[in-house]
Amino acid sequence: MNGLSPANKKGKHFSIRITGKNQARRLDQLLSESDLNLSRSQAKKLIETEAILLNQRPTKPSRPLRAGDLVSGTIPSAEPLSLEPEPLPLSILFEDSSIIVVNKPAGMVVHPAAGNPSGTLVNALLYHCRDLSGINGVLRPGIVHRLDKDTSGVMVVAKGDEAYRHLSREFKNRSIRKVYLAIVQGKFEQDEGTIDAAIGRHPNERKRMSTHTRKGRAAITLWKVVERLDGFTLLEILPQTGRTHQIRVHLSSIGHSILGDPVYGRKSRYGSIQDPTIKECVKGMGRQALHAHRVGFIHPRTGERVDFVAPVPKDFEEVLDCLRSPKPNPSLSL
């Protein structure tokens, strides 16, 4: 349908001759479904800035096409991101030309923001990945999902537009399987269950999320008991949606906040722990006991189902050992 010339310093030139089967379609829609690796919003922007022309003239993104029309233009080369690459240590679980899967440590922020301008996962990936092809016209890693600063575990990151859009669709269609481990307050009578409660901004505290909100978005979390401990429970968590702080908010809403959670936990994170040895162990962890353990998805290039596991971190294991009975401690085998 189109003819592409090699990319030069200004970008990649293309031309598309419209045939009968594509007539009457919107121009931006056609471009987003072509092999140009453009999202619809990208196509719209390029049309509006006259980087893409119809019959050698400027036009509108909504313009219906006719047989014989010539669509041509230039896709700009990806521009460098205005962030500094940093040689930070990375625990890489898998990498190829399309994706990189990492085990993010607790304490690392995913993306630079106010208060965290450097030392983030994105800074580390910019240094490590020398084969980024660009996301939405910018040379950057494609972050399709995030983990809170103090949540450890597995993350998949796209290296280019095609992989980014593929993974984004998988998340939107809920076909990506994510499994977390969490140590929570209290005991569960049932072995498994579902939390189905919309999540939105807290009505009074804007930095928090809540299930008590006027404008909540649908959120579903499945949980399963892995091990019952003395006053605590180790859970396997399968979030079916991806709302901000979803697991932490949902577990708190049913009275089982995550151990050590400074935002959604009890007012005194450690006050309910009577055993001084256990209390010191939990204090030593210094974060919420939440770990992204496993992620499974369809690989964007091969089309095969892949599955990656981030080992349980040492601080998480140490807390589990403290919470277990004085009997010989079983090792966590998940």
Index of the failed condition, ILE247 passing every other in (1) crowded, with 19+ Cβ neighbours inside 10 Å; (2) touching a residue at least 60 places away in the same chain (Cβ under 8 Å); (3) in contact with a His (Cβ under 7 Å, 6 or more places away or on another chain); (4) not basic (Lys, Arg): (3)
Conditions (1) at pLDDT 90 or above; (2) assigned to a loop (DSSP other than H, G, I, E, B): number failed by ILE16: (2)
Residues satisfying the stated conditions in the stretch 254-267, i.e. open to solvent by 50 Å² or more (accessible area, probe 1.4 Å) and within 23 Å of ARG177 (Cβ to Cβ): ILE254
Unique residue being in contact (Cβ under 8 Å) with a residue 24 or more places away in the chain and either under 15 Å from LYS187 (Cα atoms) or hydrophobic (A, V, I, L, M, F, W, C) (or both) when the list is ARG228, ARG208: ARG228
Candidates VAL309, VAL319 - the one that is touching a helix residue (DSSP H, G or I) at 6+ places or on another chain (Cβ under 7 Å) and modelled with pLDDT of 90 or more: VAL319
Within the stretch 137-179, tally of residues that are more than 24 Å from GLU86 (Cα to Cα), open to solvent by 20 Å² or more (accessible area, probe 1.4 Å), of a type outside the set (A, V, I, L, M, F, W, C) and touching a residue at least 40 places away in the same chain (Cβ under 8 Å): 7
Within the stretch 212-227, considering residues that are over 22 Å from PHE297 (Cα atoms) and modelled with pLDDT of 95 or more, the one least open to solvent (accessible area, probe 1.4 Å): VAL225
Complete set of residues in the stretch 115-145 that are modelled with pLDDT under 70, over 18 Å from the mean Cα position of the chain (by Cα) and among the basic types (Lys, Arg): none
In the stretch 38-65, residue surrounded by the most Cβ atoms within 10 Å (Cβ to Cβ) [restricted to those that are modelled with pLDDT under 85 and part of a loop (DSSP other than H, G, I, E, B)]: LEU38
Restricting the stretch 194-211 to residues that are exposed (fewer than 14 other Cβ atoms within 10 Å of the Cβ) and not charged (D, E, K, R), the residue that is nearest to GLY242 (Cα to Cα): THR194
Candidate set: the stretch 12-32, residues that are within 35 Å of the chain's Cα centre (by Cα) and of a type in the set (A, V, I, L, M); chosen: the one surrounded by the most Cβ atoms within 10 Å (Cβ to Cβ): LEU31
Residue list for the stretch 197-254, filter: in a strand (DSSP E or B), over 21 Å from the mean Cα position of the chain (by Cα) and over 25 Å from GLN274 (Cβ atoms): LYS224
Count of the stretch 277-312 residues which are of a type in the set (Asp, Glu) and either assigned to a strand (DSSP E or B) or touching a Ser or Thr at 6+ places or on another chain (Cβ under 6 Å) (or both): 1
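The values are calculated or read from the model by the stated rules, or taken from the named source; none is laboratory data. Worth saying up front: this structure is predicted, and the values here are computed from it rather than measured. Every residue, glycine as well, gets a Cβ built from its backbone with ideal geometry; the counts of neighbours run over all protein chains shown. Accessible surface areas use protein heavy atoms only, side chains included; no ligands, DNA or RNA. Shrake-Rupley method; radii C 1.70, N 1.55, O 1.52, S 1.80 Å.
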